[in-house]
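Report on one structure; see the data block that follows.
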Amino acid sequence: MKLAFYGSSLLSAYWNGAATYYRGLLSELAARGWSATFYEPDAFDRQAHRDIDPPPWAEVVVYPATREGVRAVTAEAAEADVVIKASGVGVFDEELLDQVLAAARPDAVRIFWDVDAPATLAEMRADPDHPLRRRLGDLDLVLTYGGGPPVVKAYEELGARLCRPIYNALTPSEHRPVAPDPRFAADLNFLANRLPDREARVEAFFLAAAALSPERRFLLAGAGWEDKVVPANVTRLGHLGTADHNAFNASALAVLNVARDSMAEVGWSPATRVFEASGAGACLITDAWEGLEHFLTPDREVLIARDGADVIEHLRELTPLRARAVGRAARRRILTEHTYAKRAAEADALLKYAHEARRERSVHA
């Protein structure tokens, strides 16, 4: 069956944390027989920062970030069996949603795929006339990449027919152990773009930890940190292409994960870096959030910190032998339970269920 997916970008991870998620899921859905076309706007300088070529498992259509460009690509939704509008495209999101739903065939499944559910839900609660809130009844399915039971409950209370999470995961061939790289050797490595609803937590967990341990080396990768005041023992690397992620994760004593404010509050929202780091066999230190144990077992497969002082305490107690043991245990767990092949199996079943449910509704209409 044919799938039309309207998202931020498949080809570029530049200011686009969903890229790895889209790639993992769509490549595995292709292995299950889905024919996918991914529509992404030429926006935010992403096409100048591509980190993959158009893949063999999906057609990619890059369109001008204009209303005329949106009209041209949304008309193609009429050719698909399943149409998907993702959150956070960043340009003309409301028009994309309305026009994709309008163009879809009567028998086509209509899906909203939310890659930032806590933020989307907060917007809808604050605005009864929010574009998505008005269109929830027109959708067959809402999928999210995190949020767990709280997000499912909230979406269904707002009028979604069905909401289910399809979590981030691992592509074993892409995220794997590699030899350490001297460029990324440090006591603690942290990779994240600079965002307003993460910055205070980065200060508390990463920068405070660096200030408390001036004898140790810390690496900060990601876009937007160029003018951030940091301790002298923190090295800023800027945007780090996905080709370097394995080496970045494999070269430090430990790797840090810090959730954004909304995702930490809601829980059940493991970031891509949780699976990338575990896939590389890295020892992961993360801030605490509800649902974490669904993905990794604390103290055996991941280390939990409440603040920067806890991060430093973990580093003081962490030997290379212990770090390798935690990383190996995390990798085993991820490979067993949290691969994109497994996530795609869940998505495939939900897409087929939604297709059958739409057919049944049309028969009894």
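Side notes on the structure shown:
- Helices (runs of 4 or more DSSP H) enclosed by the stretch 258-365 - at least 2 residues per element that are in contact with a helix residue (DSSP H, G or I) (Cβ under 9 Å, 6 or more places away or on another chain), open to solvent by 50 Å² or more (accessible area, probe 1.4 Å) and closer than 18 Å to residue 148 by Cβ: 261-266
- Residue count for the stretch 47-73 under the criterion of being over 26 Å from residue 168 (Cβ atoms), open to solvent by less than 50 Å² (accessible area, probe 1.4 Å) and not aliphatic (A, V, I, L, M): the result is 2.
- Taking the stretch 161-235 as the region of interest, the strands (runs of 3 or more DSSP E) fully inside it that hold 1 or more residues being closer than 22 Å to residue 315 by Cβ are 186-191, 218-221.
- Checking each residue in the stretch 212-222 for being surrounded by 16 or more Cβ atoms within 10 Å (Cβ to Cβ) and free of Cβ contacts under 8 Å to residues at least 40 places away in the same chain picks out 217, 218, 219, 220, 221, 222.
- The set of residues in the stretch 1-46 that are in contact with a Pro (Cβ under 9 Å, 6 or more places away or on another chain) and open to solvent by 20 Å² or more (accessible area, probe 1.4 Å) comprises 23, 27, 30, 42.
The rows are residues; the columns are (1) over 22 Å from the mean Cα position of the chain (by Cα); (2) farther than 28 Å from residue 207 by Cα.
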residue	(1), (2)
109	yes, yes
113	no, yes
133	yes, yes
147	no, no
150	no, yes
157	yes, yes
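- Leading residue by the ranking (nearest to residue 356 (Cα to Cα)) among those in the stretch 74-96 that are in a helix (DSSP H, G or I) and open to solvent by less than 10 Å² (accessible area, probe 1.4 Å): 77
The values are calculated or read from the model by the stated rules, or taken from the named source; none is laboratory data. On a predicted model such as this, the values are computed, not experimentally measured, just so you know. All Cβ positions, even for glycine, are placed from backbone atoms using ideal geometry, and neighbour counts span all protein chains on display. The accessibility values were calculated without ligands, DNA or RNA, using every heavy atom of the protein model including side chains. Shrake-Rupley method; radii C 1.70, N 1.55, O 1.52, S 1.80 Å.
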